[in-house]
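Undergrad: Before I ask anything, here is the structure I am working with.
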Amino acid sequence: MRDDKENIIVELSFEIALLIIEFSEILDEKKKHIISRHILRSGTSIGANVREAQNAESQADFIHKMKDAAKQADEIAYCLLLSQYSKNYPDTSLLQEKLNLIMRILNKIIATTKQKGE
């Protein structure tokens, strides 16, 4: 199922992974290691799952991998929200905004793909 033409979700998930890496480094400098590691793992996993979906063996496999990406996006959204409201943590509003866009796109891809399969 790999399609090497321009793919917005592949691009956006890569971009957010880079931003997440930078944010995690900032958290590490502030000695916020536990949340930093969790955010780094979940934030980079979104793009990894999206890329895996590009090589899916079937439509069901594609949907499954995109759902995994959506779950990781939801998990990172929660962590960013925690960071936003915790004392002594950097602002996460830009990351949250970009992540919300990714979550909307993932949900649309999943819904559209399911409709095609019916």
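Undergrad: Note down the net charge around L18, summing +1 for each Lys or Arg and -1 for each Asp or Glu among other residues with Cβ under 13 Å from its Cβ.
TA: -3
Undergrad: Where in the range 43-64 is the amide nitrogen less than 15 Å from a point lying 7 Å along the Cα-to-Cβ axis of R104?
TA: none
Undergrad: So, one more: E6 to Y85: extension gain in nm, 0.36 nm per residue of separation minus the Cα-Cα distance?
TA: So the chain would gain 24.8 nm between E6 and Y85.
Undergrad: Using a 7 Å offset from the Cα along the Cα-to-Cβ direction at both E25 and D61, what is the distance between the two label points in nm, to one decimal?
TA: Placing both labels 7 Å along Cα→Cβ, they lie 3.6 nm apart.
Undergrad: Please label the shape of the range 8-117 as rounded, prolate or oblate, based on the square roots a ≥ b ≥ c of the eigenvalues of the alpha-carbon gyration tensor (a/c under 1.5 means rounded; beyond that, a/b larger than b/c means prolate, else oblate).
TA: Cα axes put the range 8-117 in the prolate bin.
Undergrad: Each label point is 7 Å from the Cα along the Cα-to-Cβ direction; what then is the distance between the points at Q115 and Q54, in nm?
TA: The answer from the label model is 2.5 nm.
Undergrad: Starting at the first residue of the range 42-47, write each ³J(HN,Hα) from the Karplus equation 6.51 cos²θ - 1.76 cosθ + 1.60 with θ = phi - 60°, in whole Hz, x for Gly and Pro.
TA: So the J values, rounded to whole Hz, are 5, x, 7, 5, 4, x.
Undergrad: While we're on this one: Eight or more residues apart or on different chains, and alpha-carbon atoms under 24 Å: count the Lys pairs in the range 8-117 matching that.
TA: 21
Read-outs throughout are calculated quantities, based only on the coordinates presented, and are distinct from any laboratory measurement. Only a predicted model underlies this, so the values are computations on that prediction, with no experimental measurement involved. Note that each Cβ is placed from the backbone with ideal geometry, even for glycine, and that neighbours are counted across all protein chains shown.
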